[in-house]
Amino acid sequence: MRTITLLTDFGLQDPYVGVMKGVIAALAPEARVIDLCHLVEPYQVPQARFLLMQNFHYFPQNTVHVCVVDPGVGSARRPLAVKARGHLFVGPDNGLFSDLFDDAETRVLDRPKYHLKNSSQTFHGRDLFSPVAAHLAKGVPFARLGTKIADPLRLTTGAPVRIARRVWQGEIVHIDRFGNLITNLEAAQILPLAPRHLELKIGLRTITERASHYAAAPDNTLFVIAGSAGTLEISLKEDSAARKLGVGLGAPVEVEVL
Amino acid sequence: MRTITLLTDFGLQDPYVGVMKGVIAALAPEARVIDLCHLVEPYQVPQARFLLMQNFHYFPQNTVHVCVVDPGVGSARRPLAVKARGHLFVGPDNGLFSDLFDDAETRVLDRPKYHLKNSSQTFHGRDLFSPVAAHLAKGVPFARLGTKIADPLRLTTGAPVRIARRVWQGEIVHIDRFGNLITNLEAAQILPLAPRHLELKIGLRTITERASHYAAAPDNTLFVIAGSAGTLEISLKEDSAARKLGVGLGAPVEVEVL
Amino acid sequence: MRTITLLTDFGLQDPYVGVMKGVIAALAPEARVIDLCHLVEPYQVPQARFLLMQNFHYFPQNTVHVCVVDPGVGSARRPLAVKARGHLFVGPDNGLFSDLFDDAETRVLDRPKYHLKNSSQTFHGRDLFSPVAAHLAKGVPFARLGTKIADPLRLTTGAPVRIARRVWQGEIVHIDRFGNLITNLEAAQILPLAPRHLELKIGLRTITERASHYAAAPDNTLFVIAGSAGTLEISLKEDSAARKLGVGLGAPVEVEVL
């Protein structure tokens, strides 16, 4: 049984995700479909890219990850499949897969026989990406899906930058239900250099408190923690750091270790 | 493996959907259950009816569609099963299945042996519709579920009306996460007659812009598009048409082709 | 095929639930995973406890119920597995399973071979509870998961109290999408004693109306109903009792039968 994951900005109030599963069930009855997340902020490719990269490797080898955050649906942007790191990825050529293209095989999905007939121009998640994923899960060879390409879109923004030996700049790439602000700054790269002291600047605030887990944190004080995505997070014990700081997705963050 | 879909107004904050799946898992361990949508507006039978009709045919033949938008639960309204168009439908007799009764077999669910014991009067989704769906998925013949009836409730409202050769009246039947306003006006019926010009009236506004896909639309301008449900939609590029117009479910729409 | 349920306060906007399913799929490909509910109010152990107790028995025997409402993650609070009433339960030792410990076997999850390597201190749902559930679903004997203990945390609050022969005190333990206020007062214990008259006090209001099902209730009047969880609920026909009363989780309720 092959696994297919779905990562979209479709939300949950519509039948969009359900009908994608219907298309998959009709073509690949044995596939198991798992929702990775459907509440990516509308059109937020950088957020979806981060969530995908932090999580895909927990799934079984050869999982097919369908990612549809796709403001350009119906335009000339190409639909892609990518084979990388023992997993398969299906979605639009808009930078979602920027971090995967080294050592990857990338194909443009130009074989209509693997799509639904009468594909719409507004819902490729249902009409194109789901059927392709189902065919992959059923065992259609990757090379048959379309023509190999060498020039997929790579976003050059979105990666953190080390601007000095002890200073990194990154950004908020996700805000979770608990109001934790999740940065793209790798904890394993930074925290070993900061045995004593660290300053994280966001907006007009500088945060210096740290905690190894939430219960060990001080009350009513913003603190920095190595989050479950492997990056630095800004948290507030049993409260929302996002609300306290009033910042949103994309807010810049700078960390200095002292 | 048979597929069962769930379409309800139960939302996601409660265990109502989860416990329905528990009941199904206990009775029909092999069935695959797919959420079509659970955020139908509370008690909005017309919305659920539209979402069902636009989507059920994407699922495998013989899928059992459980639909529970049921303000009359526990009253004299009858519980039904409907066999139509190669699919099976289970839910209350309140008009949800109005569009399916031609060429359909309809039965009232009056055999308690296919329900949970000690059925509540407030949650037939768990106690009656889920077990019936599970028995159908396990192969219990449709005719055994209950007595055949010929008088299910048919809603006569909710269908669009052609009031002149070039004028149709319909309504907003769904608003999606992106703020697209989805009408019940069939695009394939209207757009071929409007090669040049079309006027869509909603509230105090008249919309004349059209686009074939979202990326091709002008910025900051409401436009009409053939949506993925096959009906006309009112959209705003990377923004919410619903918020811009301030209209809700049921708002009347009139289209004239010129 | 074994069933695993998930009950958390993780919400739906994050990939937290999805990645738990990925971990389970990688370890126990045959297990079926069902979401019981993920919108428990953040950190609300009493609410999760109630939702679990009202619903677990609808699932197949030997289902593994993973419950993660866990403000103490990473601290000294122990991770547990509980075998009780023909089901298995996995989650933190913070009172979630208070109602299950009589006639139960309880073990602390102290065998790292059944957890993910490099477990984080912030996400035991992914790194510890999901892999343990997957191993149980695969057939690892319960006794191998860890050391037996006799002193799990039992919450002594949260149970209703009969303060006089005809008077009970309880609280609001859940508010559903429809605005129904769900109490922890057992309907089967109270209603038979109130053939004629009942007074339910909440906040400054006294409610005396009753209904057997929603459609039978008077319009615009708060009423008491035996809810699908088996406890008394306060409802408002096709409207929100919670909004009308302005009360929240934990609000005290007193019932007197006359």
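The values are calculated or read from the model by the stated rules, or taken from the named source; none is laboratory data. Note that the coordinates shown come from a computational prediction; the quantities given were computed from them, not determined experimentally. Every residue, glycine among them, receives a Cβ derived from its backbone with ideal geometry; neighbour counts consider all protein chains shown. Accessible surface areas use protein heavy atoms only, side chains included; no ligands, DNA or RNA. Shrake-Rupley method; radii C 1.70, N 1.55, O 1.52, S 1.80 Å.
From (1) closer than 26 Å to residue B:214 by Cα; (2) in contact with a Phe, Trp or Tyr (Cβ under 8 Å, 6 or more places away or on another chain), pick out the condition that doesn't hold for residue A:105.
(1)
Suppose we filter segment C:180-196 for residues that are touching a strand residue (DSSP E or B) at 6+ places or on another chain (Cβ under 7 Å) and either surrounded by 22 or more Cβ atoms within 10 Å (Cβ to Cβ) or not acidic (Asp, Glu) (or both); how many remain?
Adding up the residues that qualify gives 11.
Mind counting the residues in segment B:15-34 that are surrounded by 20 or more Cβ atoms within 10 Å (Cβ to Cβ) and either of a type in the set (D, E, K, R) or not in a helix (DSSP H, G or I) (or both)?
Selection size over segment B:15-34: 7.
If you go through segment C:16-36 one residue at a time, how many are touching a helix residue (DSSP H, G or I) at 6+ places or on another chain (Cβ under 6 Å) and within 14 Å of chain A (Cβ to nearest Cβ)?
11
Return the residues of segment B:208-237 that are away from chain A (no Cβ under 14 Å) and touching a Ser or Thr at 6+ places or on another chain (Cβ under 9 Å); say none if nothing qualifies.
B:209, B:222 - these are the residues of segment B:208-237 that are away from chain A (no Cβ under 14 Å) and touching a Ser or Thr at 6+ places or on another chain (Cβ under 9 Å).
Scan segment B:213-238 residue by residue and report those that are surrounded by fewer than 17 Cβ atoms within 10 Å (Cβ to Cβ) and among the charged types (D, E, K, R).
Answer for segment B:213-238, where residues must be surrounded by fewer than 17 Cβ atoms within 10 Å (Cβ to Cβ) and among the charged types (D, E, K, R): B:219, B:238.
Being of a type in the set (Gly, Ala, Ser), in contact with a strand residue (DSSP E or B) (Cβ under 7 Å, 6 or more places away or on another chain), open to solvent by less than 30 Å² (accessible area, probe 1.4 Å) and within 14 Å of chain A (Cβ to nearest Cβ), is that true of even one residue in segment B:153-175?
no
All but one of (1) within 14 Å of chain A (Cβ to nearest Cβ); (2) under 21 Å from the mean Cα position of the chain (by Cα); (3) among the basic types (Lys, Arg) hold for residue C:107, so report the exception by its number.
Failing condition for residue C:107: (1).
Can we say residue C:210 is under 26 Å from residue B:71 (Cβ atoms) and either open to solvent by 80 Å² or more (accessible area, probe 1.4 Å) or not acidic (Asp, Glu) (or both)?
yes
Hey, among B:86, B:72, which residue is under 30 Å from residue C:233 (Cβ atoms) and either touching a residue at least 60 places away in the same chain (Cβ under 8 Å) or within 19 Å of the chain's Cα centre (by Cα) (or both)?
Going through B:86, B:72 in turn, the sole match is B:72.
Pull out all pairs, ordered by first then second residue, where Cβ-Cβ is under 8 Å, the residues are six or more apart or on different chains, the first lies in segment B:110-124 and is under 17 Å from residue B:78 (Cβ atoms) and without any contact (Cβ under 8 Å) to a residue 40 or more places away in the chain, and the second is loosely packed, with under 13 Cβ neighbours inside 10 Å and not acidic (Asp, Glu).
B:110/B:147; B:111/B:144; B:114/B:144; B:119/B:112
Yes or no: residue C:144 in a loop (DSSP other than H, G, I, E, B), surrounded by fewer than 23 Cβ atoms within 10 Å (Cβ to Cβ) and not small (Gly, Ala, Ser)?
Against the criterion (in a loop (DSSP other than H, G, I, E, B), surrounded by fewer than 23 Cβ atoms within 10 Å (Cβ to Cβ) and not small (Gly, Ala, Ser)), residue C:144 does not qualify.
Among the residues of segment A:121-134, are any surrounded by fewer than 18 Cβ atoms within 10 Å (Cβ to Cβ), at pLDDT 95 or above and out of contact with any Ser or Thr (no Cβ under 8 Å at 6 or more places or on another chain)?
no
From the list A:201, A:138, A:113, A:148, exactly one residue is away from chain C (no Cβ under 14 Å) and closer than 27 Å to residue A:238 by Cα. Which is it?
A:201
Checking residue C:76 against (1) more than 20 Å from residue C:138 (Cβ to Cβ); (2) buried (at least 23 other Cβ atoms within 10 Å of the Cβ); (3) within 12 Å of chain A (Cβ to nearest Cβ); (4) not β-branched (Val, Ile, Thr), which test does it fail?
(2)
Give the residues of segment B:1-14 that are within 12 Å of chain C (Cβ to nearest Cβ), open to solvent by less than 10 Å² (accessible area, probe 1.4 Å), out of contact with any Gly (no Cβ under 9 Å at 6 or more places or on another chain) and on the phi < 0 side of the Ramachandran plot, sorted by residue number.
Answer for segment B:1-14, where residues must be within 12 Å of chain C (Cβ to nearest Cβ), open to solvent by less than 10 Å² (accessible area, probe 1.4 Å), out of contact with any Gly (no Cβ under 9 Å at 6 or more places or on another chain) and on the phi < 0 side of the Ramachandran plot: B:9, B:14.
I need a count of the residues in segment C:26-69 that are over 16 Å from the mean Cα position of the chain (by Cα) and basic (Lys, Arg).
The qualifying residues number 1.
Hey, among A:221, A:206, which residue is over 27 Å from the mean Cα position of the chain (by Cα) and either in a loop (DSSP other than H, G, I, E, B) or aliphatic (A, V, I, L, M) (or both)?
The unique qualifying residue is A:221.
Looking at segment A:46-72, which of its residues are of a type outside the set (Asp, Glu), within 14 Å of chain B (Cβ to nearest Cβ) and surrounded by 23 or more Cβ atoms within 10 Å (Cβ to Cβ)?
Residues satisfying the conditions are A:68, A:69.
Residues that are crowded, with 20+ Cβ neighbours inside 10 Å, within 14 Å of chain C (Cβ to nearest Cβ) and in a strand (DSSP E or B): does segment B:79-100 have at least one?
Yes: one or more hits.
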